[in-house]
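Structure first, then comments.
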């Protein structure tokens with residue numbers, strides 16, 4: 001987890017950006033995104049934003065991510081830029097004060113993002 005540069009947060013911007021870079025393996029990405037949405041509930045879109053970076057997938061991932069555009073910011077990269085390139089693209093697109101990166105095989109539990117955000121935003 002990384003704190004974004006110390007520029008002031010825009011009014012209405014989320015406090016935390018959850019960034020999920022992915023390359024193929026839609027079945028893993030879908031489970032990850034579903035658990036993130038379930039864990040955040042109504043906080044998604046207000047306190048938290050979800051940024052999904054498709055790093056040049058050649059499977060069904062690009063088409064399936066179209067269905068997620070109402071709940072997540074989707075960044076599409078072509079050609080594949082590697083894991084670091086996907087993370088960097090997600091960081092550039094993020095609006096949150098804190099950036100939290102998840103691998104696309106992560107399964108989130110309720111409360112985990114709030115606990116991580118609290119620690120990052122007020123470490124003392």
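The values are calculated or read from the model by the stated rules, or taken from the named source; none is laboratory data. Since the structure is predicted, the reported quantities are computational estimates derived from the model, not experimental observations. Counting neighbours? That spans all protein chains shown, and the Cβs are built from the backbone with ideal geometry, glycine included.
Among the residues of the range 22-42, those identified as under 13 Å from residue 109 (Cβ atoms) and buried (at least 19 other Cβ atoms within 10 Å of the Cβ) are 32, 36, 39, 40.
Residue-wise test of (1) surrounded by fewer than 19 Cβ atoms within 10 Å (Cβ to Cβ); (2) at pLDDT below 95; (3) part of a helix (DSSP H, G or I).
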site: 57; (1), (2), (3): no, no, no
site: 63; (1), (2), (3): yes, no, yes
site: 85; (1), (2), (3): yes, no, yes
site: 109; (1), (2), (3): yes, no, no
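Output yes when any residue across the range 23-45 is closer than 18 Å to residue 88 by Cβ, in contact with a helix residue (DSSP H, G or I) (Cβ under 8 Å, 6 or more places away or on another chain) and either modelled with pLDDT of 95 or more or not in a helix (DSSP H, G or I) (or both), and no when none is. For the range 23-45, residues closer than 18 Å to residue 88 by Cβ, in contact with a helix residue (DSSP H, G or I) (Cβ under 8 Å, 6 or more places away or on another chain) and either modelled with pLDDT of 95 or more or not in a helix (DSSP H, G or I) (or both): present. Please verify whether residue 73 is at pLDDT 95 or above and more than 18 Å from residue 16 (Cα to Cα), treating the condition exactly as stated. Taking the combined requirement at face value, the residue does not satisfy it. For the residues 92, 81, 71, the requirement of being without any contact (Cβ under 8 Å) to a residue 24 or more places away in the chain, surrounded by fewer than 20 Cβ atoms within 10 Å (Cβ to Cβ) and either closer than 22 Å to residue 26 by Cβ or out of contact with any helix residue (DSSP H, G or I) (no Cβ under 6 Å at 6 or more places or on another chain) (or both) singles out 92.
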